[in-house]
Structures are given as structure tokens and as C-alpha cells.
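Since every read-out is calculated from the coordinates, none of them should be taken as a lab result. As the structure is a prediction and not an experimental result, all values here were calculated from the model. So basically every Cβ, Gly included, is an ideal-geometry build from the backbone, and we count neighbours across all protein chains shown.
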Amino acid sequence: MISQETIDAIFQATHIEDVVEEFVHLTKRGVNLKGLCPFHDEKTPSFTVSPARNIYKCFGCGKGGNAVNFLMEHEGMSYPEALRYLAKKYNIEIAETQMPEEYEAEKQERDSLYLINEYAKEFYRNQLFNTDLGKSIGLSYFRERGLLRKTIDAFELGYATTSRDELTKSAVHDGYNIEFLRKLGLTTEQDRDFFFNRVMFPIHNLSGKVVAFAGRHLVTDKKSPKYINSKESDIYHKSKVLYGLHLAKKAIRKEDFCLLVEGYTDVLSLHQSGIENVVASSGTSLTVEQVKLIKRYTQQIRILYDGDTAGIKAATRGIDLVLEQDMNVELVLLPEGEDPDSYIKSVGVTEFKEYLEREASDFILFKTNLILKEAGNDPVKKAGLIKDIILSLAHIPDPIKRSVYTRQCAELLKVEESILVNETNKVVSKRLRDNRISQLRENRSDHEIQEKILEKERKKAVAENWQEEKTGTDEYQERDIVRILILYGDRQIEVEKEKLTIAQYVLSEIQETLPFFDNPLYAKIVTEYGLALSEGKQLNTDHFIRSADSEISSLAIELCSSPYELSENWQKMWDIRLETQPMPDENEIQDAFQALYRFLLRKYQKMSEENLKQIKEFQSNGDDESLLKHLQVQTMLVDQRNKIAGKLNTVIL
């Protein structure tokens, strides 16, 4: 188990923006960074990263947290895995205490598949560099393809021996579970190696862990496919993986476009030549999940396929998926008989890049010209192909962009624009109608969906202070007190010439009202803060964000986040500042006093109302002694209530 000292060091060293930017394309917006949320589909960025708070928050789906939470949610890591990932990133040495047996078993179950893949990767690399067959067959093949040692190492290429059981025997001998070897597809049900006599291409996830392998046969054999891949497993779903993305993601962000090719060697060759923003779809047709992976880093995708008929069909096959994600897509077809690997070797890097820029064609122009070429003078065939164009246009979610493309198509096809607009609108309307019907069916069959939507809207309203006060409860005021404690509790103030923290002052003032809290979570936080102060500890925002209690950490993140922020231009461009009070981000003391007074006013009002009810009961029962005591209490409550109302300039009727 990782020691608390190490955990603290990891949190102190971690910068949330560094971690999130490895997986999400972020742009600066004021003091924060924004991007498309990786946890739900959206076209307008609502995912916000706050470097100042070291947290992320999505105002669309509500997910939020710190760097550890992000890795756990996004990459499926356990808490210790996320800490180890960050420790490695920031070069922090991990000190550990003894790990509980039950946790060790759970961790081994979770990590075993990754560990075995790592073992297999090293096994194949050893075969490539340290065996006669590996060097004479595998390494020779890579060198014939022009691959340098640095590229082989970067992509961790290897070689599977001609033996049918060498990997399996070696792994079992070294203590690895054969059931997991089978589950990963490295070992067959007959306990033989699945990969043999092939050069090996490890397939990595975004964080660089090996999730699967692809093996290429080097001998011409019609009975054996050229490429075979690992079967799908708990850690590998081929539709959700892009080959080379773990090395390409930074370059994709930098270049602001992604180059999509077909083959593994295409990626290797282009990467080696300095074109690093390149990925491959790993031998599968382009999928929605793969498009979404690219969209995390850029809105621009350029599809580069061979210039033959098969390449053209492959290039057009995934266009609609890209359009649905509101991305900009271009296509580049290489000269017939060439692939990216062969062509860049033939013409060189400079000419290759110039060719990409020169031949890149907008998908509409590409598809329309293709239709004109295929249809020729056949009107029936042309009409059928125009319908195909209409289906593609209908996939564009942005109506303005769709309108521009429709006009271009009409001009190229010599068809009236109104006809294309009407037909496209019919398809769009039908798709929207089908989606609504599908959603209604889902809602009828699952009431939980409706409940989640309502709960989400309620939380959102509370977070933005739009929720009206609930009748009979003080949750709004209680939340405001908790907000002040979490955000500003450790700030210093001076009250009657005595220096206190805001938390010390607020808690001393509300101590008598704590038993009257309506919301148990808010009461729990106030109690925790009070106990910490009594022990001489001062809590801060980070303490609550990193709380082991998920309810507390979620609330802290929600309170730290806002979909709105002040424009920098007020002061930088126009030199405008508030004259009568500090700027909002410098006004925490006044904010704390106002929140405290509102809270106390509400509590004393409620206590007064409850006391009046008891007074009426004692009057009717003739209990004069109790009546006198409660009349005295009522006088005190009313006096306190009126004093607080005076501070708020509020009139009590």
C-alpha cells in the first residue's frame, strides 16, 4: 500500500492540465482550459479544467474530480494504479506499507492481463534481438522496410519464434496463470502459442499499456492470413483502439489534424520520417469509438488510403461516421499502386508532405467527383448516387455547414439546390424522429433514466444558485455555509482585533444551530471541520477534494466549479474595476459574512417558529412554568433574529 507521505507528494506535484491534455484536446479560456468531454457525447465544449484548483468538471454530464479521479474514470485504473502512473510521470519514488491480503488479490486480478501482455511483449522483443531466427528473419524484415532501431524500440516491435509453445511454457514457468494467457488469446485452448513465426506489432492503449498484438506472416501461404490479431478481451476492444495513438496524440494536438492510414507499417514509416500525427485503424473499418478518440485531440481528420478501387471504397466507408461527430474530414488518395510506406520512400518527406497538401480534397468534392465519374451519362445511376450524397449531407449536425456543402454539391452535380435541401431535410427529420421514438421507448422501459435526468437538473440548478429555497428546509443556506468553509475556511480575518480563520469564526457562530441541520451531508462536513479545528488542524479545499468520502469530494468539486467566469478584458483592455467593493474573487470575507448571516437568520427564524408552536401548546395545556421559559426563549430568539436581519438590511414582518 502506498504511504500517505507519497500520496501527498504525488498530489502536490501533479498538474491537472498536464494529465488531462494527454487524453483531451484543451484550449485556453480565461484562467481555465476547455475541451470536449471524454465521458459523454457533446459538440460544444462543456468540459473545464481549472489549473488553479487542480480539478476538472464537466457541466454537461456532471463528472468532476482531480487527476487521480480522471485516470480512474477515463482509463479504468484503480486508485493505486492512478497514483503509480502519476508518480512515474513526475519522477516520485513510491514508499509503500504492507498491503492487505484482500486488496492484493483484487489488484492481481485487475492487473494480471496487463502484466502478461507486458511479459509477452518483452518475450517477443528478446526473440527479435537475441535469437538467430529473430535476427535473420524478423530483424531483417524490419530493416528491409527501412525501419531504424529507434522506431523499432519506440513501437516495441518483436518476433514470435517458430516454436508452437515457447511463450506459453516460458510464461507458465515464470508463474503466470495459463487461464489469463488463454483469455488474452496468447495461448490456444490446446495450450499452444497463438502467434508463431511472425513479426509482432504490440497494440497500445492511450496510456501506453500493451492491450493486444498483431502478427504478420513472412511466408507466402494462402492458407494463413497475412495478419492476425489478438482476440478481444477485458482490456482490448479493437473498435476502440487506434494503432500508434499513444505516440501520436501530442503531435496531433500540435499539428491540429490527424492523418489516418490503413496499415501498421504505414504508421511506422511516416512516424520515422517525422510525420508523427498518424494513426491506423488496426485492420478494422473505422468505428464511432475510434473517431471519438481522434476528436479528443483535434477536429480535423485527413484520411490517406491507397489509390486503387479498394482504397477508394475504404476511404469513403468511414466518412459518415466522421461527419456525425461534426468533424472536418479530407481525403487523400495516393497514386495507384502506392501505399504511404512505399510512396514516402519513393519521393521523400518533403514531396510527400507537399502531395498531402496539394491533393487533400474536401469529402464533398471527393465524393461528388467520384459520383460524376462513376455515373457518366447514365441518369438512373446518377440519381441513385445522388441519394448516397444526400445521406452523407444528412449526417452533418451543424445546419450552417450542411447548407454550405449542399450548395457546393448542387453546383457540381448541376442539380437544383432546393431539391437537395428538401431531400436532405427529410432524412434529417426522419433521423431525429426515430431518435426521439427510441428515447421514449427507453424511458418507458427504464424509469431510472428519467430519475437520473431529474436529479442531474436539480444538482445543476443548485450548483448555479438557481434553485429556489425548498419549503420547510434550509438546505440552500446550509449549502452556502459549507461552500464558504470548503472554499475559504483557511483564510485569515480579523474580528474585534482578534485574528481568526473564516472557519473558526463561522463555526463558533453556528455551533448552537448544528443539531438543526436539514441536510446530513452538510452536517457531516461542518462536524468534520469542527473536530479538525478542535485538534488544532486547519483544513483547506484540497482536503475535501481528495476526501475518501465520494459524496464530500463530489460536492467540493462542484462548489469549486462554475460554468461562468469573469472576462479578463474588464481590467486588461478597459481598465474597469469595481469601486465600491473588491472584485468577486477577492471578496471572500464579505461573502462569508453574508452567507453566515443568511444562514443564521433562517435558522433563528425557524427556531422561533418552532418555539411559538410549543408556546401555543403550553397555553392550551395551562402549563404556566413551561410557558414562561419558552416566552423568555422567544424573546432571545427574536432579538437575535432582528440583530442579524439588521446586518443584512432585511425587514422581518
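Listed values, structure above:
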quantity	calculated
At most 12 other Cβ within 10 Å, DSSP loop - trypsin sites (Lys or Arg not before Pro), the stretch 1-96	43
Residue 263 long-range amide H proximity, modeled H, under 5 Å	none
³J(HN,Hα), Karplus 6.51/-1.76/1.60, whole Hz, each residue of the stretch 333-350, x for Gly, Pro	9, 7, x, 4, x, 10, 10, x, 4, 5, 6, 5, 6, 6, 9, x, 5, 4
Karplus-derived 3J(HN,Hα), 6.51/-1.76/1.60, for each residue of the stretch 262-279, Hz, glycine and proline x	8, x, 4, 5, 4, 4, 4, 5, 5, 4, 5, 7, x, 8, 8, 8, 10, 9
Whole-Å semi-axes of the ellipsoid equivalent to the stretch 132-238 (Cα gyration tensor, √5λ, descending)	22, 17, 14
Too-long pairs where the Cα-Cα distance tops 28 Å, listed order kept, from 121/226; 63/238; 43/226	43/226
Built amide H within the under 5 Å cut-off of residue 330, gap 5+	301, 302, 303
Neighbour-limited loop hits for GluC sites (Glu not before Pro), the stretch 339-418 (at most 12 other Cβ within 10 Å; DSSP other than H, G, I, E, B)	416
Vicinal HN-Hα couplings computed from phi for the stretch 523-539 (Karplus, 6.51 cos²θ - 1.76 cosθ + 1.60; Hz; Gly/Pro x)	5, 4, 5, 4, 5, 4, 5, x, 5, 4, 5, 5, 9, x, 9, 10, 8
Under 5 Å, built H, 5+ apart or other chain: amide partners of residue 213	203, 230
Cβ charges +1 (Lys, Arg) and -1 (Asp, Glu), total dipole of the stretch 226-295, debye	160 debye
Cα pair distances in the stretch 1-98, grouped into 10 Å bins until the bin that holds the longest one, percent each	16, 48, 26, 9, 1
